[in-house]
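One structure is given below, encoded as structure tokens.
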Amino acid sequence: MTLKAPTRDETAAEVARLRAENRRLESLVRKNETALRQVEQQLQQAQKMETLGTLVAGVAHEINNPINLIIYNLPLLQKIWADLLPALIRPPAGGAERKYGGFTVDFLKDNLPRLIGDMDLAANRVTKIVADLKNFSRQSNVAEKHPFSINAAVTNALRLAKPTLRRAGIRVATELAPDLPQVEGSLQSLEQVVLNIIVNGVQAIEHAAGEIRIKTTIDRKEGRVRLQVADNGRGVSPAIAARVFLPFVTDKQDRGGTGLGLSVSYGIVKAHGGEIFFETQPGEGTTFTILLPTLLKRHAAKILVVDDDRMVRQVMVEALSLSRCYLVEEAANGIEASIRLGTYRPDLLILDVFMPEMDGLEVCRSIRTEPELAGMNVIITTGYPGHPKLDELADLGFTHVLAKPFNIPELLHTVSTLLGDR
């Protein structure tokens, strides 16, 4: 067999292919080297932050000792002053008014208690700042969950961010809803999330009229609290907007940005069963929204509303969702209800009697054949309170009946009674 030597064109093409492959490999190596350097830098930054946390905790402990001594001694100094004051008020021999530390007795009498009080306030303020720093530097564990208010996380984060906000000349406006239901999780971790977003907002503001607005509300229908942090900065760059929650993604490398803040925040919110997202307008600002499930949602009763009248269903669903954060589902007829009840186990079924295709009586008969549904509460609704079908329903054990048109307070009272105010 004779081997054919490659032609000059074939040789040139192969050389070109090998060179192109070599360039591709070199480019890949450079990218990998760059990525490796970035990872090394981020690891170094993480180590610095860990060391910083250790240092902060140590310094805070050292500051606490002298501050505590001052706090303990100030009340004693106040008592001594109170005992000395009567003796100081008496005029000294010779008639000349004696001065103490360069101040007259009248001046000291009028001002020293206030000066001591100011010292006490300042010392307690330092104590609080030290406590905040120690808490923030402590390694938080999202798995260790405790009930807390999201407003507490906002308040604590703002206290930590106060020096940064003051230096930047940024105004903060808060609108924190009172009596929010508690969430379960790590307060320190949520403080970190809020602080990360606030710091991002500060860094995004490049004008003299900077403002950050923080608002908390309750979404009763979903049983979740909503936290919004908005700034009037330059907005998120379109180049990174789709990847902003990924690690190491930032447009602030030249100002020391690590690209970890929002990535860490995303992980913390998800670990709490929540959602985080944002809206941004270039040159106008960014609003971050966090939704977190509450303990109210965890213990909320499940209700299935079945009625072929869409308007009636809508009124009942809205009333029940907004009153006590019940988790409300709906079905338009008996067939839909039966299908839902195959997998869905509500604590209460609100069921219309007269519906097309499959009425409420047939649904109740099928319920009685399912042992798993035996303990379910049922409220019958009907526009025909004297109809014979109600007697059949009563024979089956369904005796809670609301005659249409019923008012919403009556409905809510009946529901609350059957569910035992869960």
- Task: State yes or no: is Leu180 of a type in the set (A, V, I, L, M), assigned to a loop (DSSP other than H, G, I, E, B), surrounded by 14 or more Cβ atoms within 10 Å (Cβ to Cβ) and at pLDDT 80 or above?
- Result: yes
- Item | the range 173-203, residues that are over 28 Å from Gly273 (Cβ atoms) and touching a strand residue (DSSP E or B) at 6+ places or on another chain (Cβ under 6 Å) | Ala173
- Identify the residue in the range 183-216 that is among the charged types (D, E, K, R) and not in a strand (DSSP E or B) and, among all such residues, is farthest from Val269 (Cα to Cα). Glu206
- Counting only residues that are within 18 Å of Glu336 (Cβ to Cβ) and touching a Pro at 6+ places or on another chain (Cβ under 9 Å), how many does the range 374-412 have? 1
- Item | Test: Ser237 is free of Cβ contacts under 8 Å to residues at least 60 places away in the same chain and either crowded, with 20+ Cβ neighbours inside 10 Å or in a loop (DSSP other than H, G, I, E, B) (or both) | yes
- Query: In the range 127-177, what residues are of a type outside the set (D, E, K, R), at pLDDT below 85 and not in a helix (DSSP H, G or I)?
  - Reply: Gln139, Ser140, Asn141, Val142, Ala143
- Considering the range 183-221, residues that are touching a helix residue (DSSP H, G or I) at 6+ places or on another chain (Cβ under 9 Å), of a type in the set (Val, Ile, Thr) and closer than 30 Å to Gln314 by Cα, and then whichever is surrounded by the most Cβ atoms within 10 Å (Cβ to Cβ), we arrive at Val183
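The values are calculated or read from the model by the stated rules, or taken from the named source; none is laboratory data. Since the structure is predicted, the reported quantities are computational estimates derived from the model, not experimental observations. Glycine also receives a Cβ, built like all others from the backbone with ideal geometry; neighbour counts cover every protein chain displayed.
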